[in-house]
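*Asks:* Input: one structure, supplied below.
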Amino acid sequence: MKQIIVLSSVHPWNDSRIYYKEVLTLINAGYLVDYYAVGGRDDTLPDFPHLTVTLLPRRSLANRFLTWRYFLQEVKRKQPDAIHLHDPELLFLVPHIQKVSRAKLIFDMHEDFPSALKSKRIKGVPVPKWCIKSIAKYEKKRLAQVDTILFAEEYYKEHYLDITTYKEDVLNYPFLKEELDSSSKFDVTTLVYAGAIHEIRGFKEMLEVSSMLKERGHVFQMLIIGRVPERLREWSAEYLKKHELGNYVRLKGRLDLDTLNQYYEKSDIGLALLHSEPNYLKSLPTKLFEQIPNLR
């Protein structure tokens, strides 16, 4: 049985693309999978034959070298047939992995990383253009050294036409559901958002919408599903208190995919309030595909 190591230093282990769509698919296809990703509080790990899940602490970028070093040690020790990388920062490990292992290297591109950097702020300061160009050049250099690149969006490959590495589109669509229970809706009109929580993903606008709906006398609830970053926790708590939204807005934290789909199924309106940022201009928000089959 061939062994595959799946590595992520930033994604939670139950990430829908990595775990539900890829890791479980590999297991069902007959592979032995060792999966390393970030853990959370009170995680209940899956119990599948041929799957080992190792939970990692969530580390700041300054301390992430500890995770990278651990990955390299595990690759050297286990000598897998293939290694599946999921974060741009892990491209740094490519030449080091190739020194200690003959494994095939697959890189899964979740986002247009150079474009995403244009929206990043480091202590409130935008990433300099020269830095973004340097990172994009380095990314291409390392991608040319892997065996396969998987793209979550079709347009990503436009930036890598000069790289001869084998490329394949694995779009981030949800699994089709055969049956929907439309009779189990919430008692009140429900708006739902699930995903990464960030200013450029419309988090503040969602709370503003809830305040406007309350002021106009609507009876509703808004479910925001995802991990609220530290910088937004105090702000959101103060906003909810100031506008008396405690009975209207629920910050649910991260949920597993099955539970998330149940919330979608019981809700009425899906939210995807992305800002007009470079990384979002060409992309297809997965929220649309996750919500459309359920919100009907």
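The values are calculated or read from the model by the stated rules, or taken from the named source; none is laboratory data. Since this is a predicted model, take the numbers as computed values, not measurements. Please note: Cβ atoms are built from the backbone with ideal geometry, for glycine as well, and neighbour counts cover all protein chains shown. SASA here: full protein model, heavy atoms, side chains in, ligands and nucleic acids out. Shrake-Rupley method; radii C 1.70, N 1.55, O 1.52, S 1.80 Å.
*Asks:* Spot the failing condition for L245; the list is (1) in contact (Cβ under 8 Å) with a residue 40 or more places away in the chain; (2) more than 25 Å from the chain's Cα centre (by Cα), and only one is missed.
*Replies:* All conditions pass for L245, except number (1).
*Asks:* Further, regarding this structure: Take E205 and tell me if it is in contact with a Leu (Cβ under 9 Å, 6 or more places away or on another chain), touching a residue at least 60 places away in the same chain (Cβ under 8 Å), open to solvent by 60 Å² or more (accessible area, probe 1.4 Å) and in a helix (DSSP H, G or I).
*Replies:* Criteria met by E205.
*Asks:* If you go through region 248-262 one residue at a time, how many are out of contact with any helix residue (DSSP H, G or I) (no Cβ under 9 Å at 6 or more places or on another chain) and either closer than 20 Å to H218 by Cα or open to solvent by less than 50 Å² (accessible area, probe 1.4 Å) (or both)?
*Replies:* 3
*Asks:* Inspect region 103-116 for any residue being in contact with a strand residue (DSSP E or B) (Cβ under 8 Å, 6 or more places away or on another chain), outside any strand (DSSP E or B), closer than 25 Å to L284 by Cα and of a type in the set (A, V, I, L, M) and give the result as yes or no.
*Replies:* Checking region 103-116: not a single residue is in contact with a strand residue (DSSP E or B) (Cβ under 8 Å, 6 or more places away or on another chain), outside any strand (DSSP E or B), closer than 25 Å to L284 by Cα and of a type in the set (A, V, I, L, M).
*Asks:* Do any residues in region 106-132 that are free of Cβ contacts under 8 Å to residues at least 60 places away in the same chain have Cβ atoms under 9 Å from those of residues that are open to solvent by 90 Å² or more (accessible area, probe 1.4 Å) and assigned to a helix (DSSP H, G or I), where the two are at least six apart or on different chains, and which pairs are they?
*Replies:* Qualifying pairs under 9 Å: P114/K133.
*Asks:* Go through region 38-68 and count every residue that is under 20 Å from E89 (Cα atoms), open to solvent by less than 30 Å² (accessible area, probe 1.4 Å) and free of Cβ contacts under 8 Å to residues at least 40 places away in the same chain.
*Replies:* Quick first cut of region 38-68, residues under 20 Å from E89 (Cα atoms) only: 38-39, 54-68.
Adding the requirement that they be open to solvent by less than 30 Å² (accessible area, probe 1.4 Å) leaves 38-39, 56, 67.
Then keep just the ones that are free of Cβ contacts under 8 Å to residues at least 40 places away in the same chain; that gives 38-39.
The number of residues fulfilling the criteria is 2.
*Asks:* What residue, of E154, E158, E139, is open to solvent by 80 Å² or more (accessible area, probe 1.4 Å), more than 24 Å from I225 (Cα to Cα) and touching a Leu at 6+ places or on another chain (Cβ under 9 Å)?
*Replies:* When all the criteria are applied, what remains is E154.
*Asks:* So, in region 1-26, exactly how many residues are of a type in the set (K, R) and open to solvent by 30 Å² or more (accessible area, probe 1.4 Å)?
*Replies:* Our first condition is that a residue be of a type in the set (K, R); within region 1-26, this holds for 2, 17, 21.
Okay, now just the ones that are also open to solvent by 30 Å² or more (accessible area, probe 1.4 Å), so 2, 21.
Result for region 1-26: 2.
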